[in-house]
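Engineer: Please find one structure pasted underneath; my questions will follow.
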Amino acid sequence: IRRLHPAELADLLEDASDAEGREIMEALQADPAFEADVVEELTPQGRREAIRERSDAEVGELLATMEPDDAVDLLLSLEQERRESVLALVPEPQQSTIKRLLAYNPDSAGGLMTTDVVAFPAQMTVGEACSALRAREEVPKNVWAVFLVDGEHRLVGQLSLLELLRAEASVPLADVADDDPRSVRPDADLPEVAVLMADLNLAAVAVVDRDETLLGAVTVDDVLPRTIQTGWRRRVEAMGG
């Protein structure tokens with residue numbers, strides 16, 4: 001199982017019989033982080049099937065391990081009467097983050113965004129930023145961009161990881177970053193976000209409030225599954241197999 005990519009395993013799960021699916025999910029429980037990666041790749045129906053027989057406590061543990069935006073999707077796939085009790089079992093600060101994201105329309109920038117972003121003070125040097133990244137216990141899985149903020153956590157810049165790695169260690173981040181980064185409001189709809197990212201070749205776009213405070217970011221892996229046709233999800237079908 002570990003030799004498979006989470007997306008490949010998700011495809012296998014959705015083709016598996018009930019007995020096969022239970023066997024795979026039981027094996028995944030030995031590695032919560034990998035299990036979360038696989039569940040994030042499932043379709044909404046696949047997610048419902050994956051947790052159908054799981055206890056509230058088990059689903060709460062899974063939610064706490066998942067990316068915040070994917071955790072919201074999984075929570076919403078539960079029956080209405082289970083959501084509150086399951087969410088109550090999610091530890092802080094994940095529970096507060098999920099509650100905050102639940103306030104947004106699922107197909108808006110606020111509903112699509114992850115709050116787990118890399119943001120540094122604009123005056124920090126490149127070397128300090130790299131050291132801070134190495135020192136972090138966990139780094140978001142899909143780090144497409146580094147955001148720069150001021151003392152009020154307002155967005156003031158953005159640069160890619162490649163730009164960060166290529167810059168001299170002593171240079172301030174502000175000197176190598178785009179000081180006029182594009183961003184969207186939380187209520188921006190999916191087409192608006194997708195067109196902006198496509199037009200500007202953005203792998204990530206910041207989500208900010210009216211005061212330009214950085215709330216999170218929408219990444220390309222959040223947008224693509226919602227913009228491609230449903231029948232194209234499976235790799236074999238996408239290749240005409």
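Engineer: Consider residue 150 carefully, then state whether it is modelled with pLDDT of 95 or more, of a type outside the set (Phe, Trp, Tyr), under 29 Å from residue 65 (Cβ atoms) and surrounded by fewer than 19 Cβ atoms within 10 Å (Cβ to Cβ).
Structural biologist: no
Engineer: Kindly provide the set of residues from region 132-147 that are open to solvent by 60 Å² or more (accessible area, probe 1.4 Å) and more than 22 Å from residue 70 (Cβ to Cβ), ordered by number.
Structural biologist: Scanning region 132-147 gives 134, 135.
Engineer: Hey, another quick one. Is it the case, given these coordinates, that residue 90 is of a type in the set (Val, Ile, Thr), surrounded by 18 or more Cβ atoms within 10 Å (Cβ to Cβ), over 16 Å from the mean Cα position of the chain (by Cα) and modelled with pLDDT of 90 or more?
Structural biologist: Spelling it out, residue 90 is indeed of a type in the set (Val, Ile, Thr), surrounded by 18 or more Cβ atoms within 10 Å (Cβ to Cβ), over 16 Å from the mean Cα position of the chain (by Cα) and modelled with pLDDT of 90 or more.
Engineer: Continuing with the same structure: Report whether or not residue 69 is out of contact with any Gly (no Cβ under 9 Å at 6 or more places or on another chain) and within 23 Å of residue 111 (Cα to Cα).
Structural biologist: When the stated conditions are applied, residue 69 does not pass them.
For (1) more than 23 Å from residue 114 (Cα to Cα); (2) in contact (Cβ under 8 Å) with a residue 40 or more places away in the chain; (3) open to solvent by 10 Å² or more (accessible area, probe 1.4 Å), each residue gets a yes or a no:
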{"residue": "5", "(1), (2), (3)": "no, no, yes"}
{"residue": "24", "(1), (2), (3)": "yes, no, yes"}
{"residue": "44", "(1), (2), (3)": "no, no, yes"}
{"residue": "56", "(1), (2), (3)": "yes, no, yes"}
{"residue": "71", "(1), (2), (3)": "no, no, no"}
{"residue": "74", "(1), (2), (3)": "no, no, no"}
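Engineer: Take the residues of region 156-189 that are in a strand (DSSP E or B) and more than 12 Å from residue 120 (Cβ to Cβ): which is least open to solvent (accessible area, probe 1.4 Å)?
Structural biologist: Residue satisfying both the conditions and the ranking: 184.
Engineer: Residues being outside any loop (DSSP other than H, G, I, E, B) and free of Cβ contacts under 8 Å to residues at least 40 places away in the same chain: count how many of those fall in region 77-111.
Structural biologist: Total satisfying the criteria: 19.
Engineer: Identify the single condition in (1) within 21 Å of residue 101 (Cα to Cα); (2) in contact with a Lys or Arg (Cβ under 9 Å, 6 or more places away or on another chain) that residue 71 does not satisfy, given that it satisfies every other one.
Structural biologist: (2)
The values are calculated or read from the model by the stated rules, or taken from the named source; none is laboratory data. Since this is a predicted model, take the numbers as computed values, not measurements. All Cβ positions, even for glycine, are placed from backbone atoms using ideal geometry, and neighbour counts span all protein chains on display. Quick note on the areas: whole protein, heavy atoms, side chains included, nothing else; ligands and nucleic acids left out. Shrake-Rupley method; radii C 1.70, N 1.55, O 1.52, S 1.80 Å.
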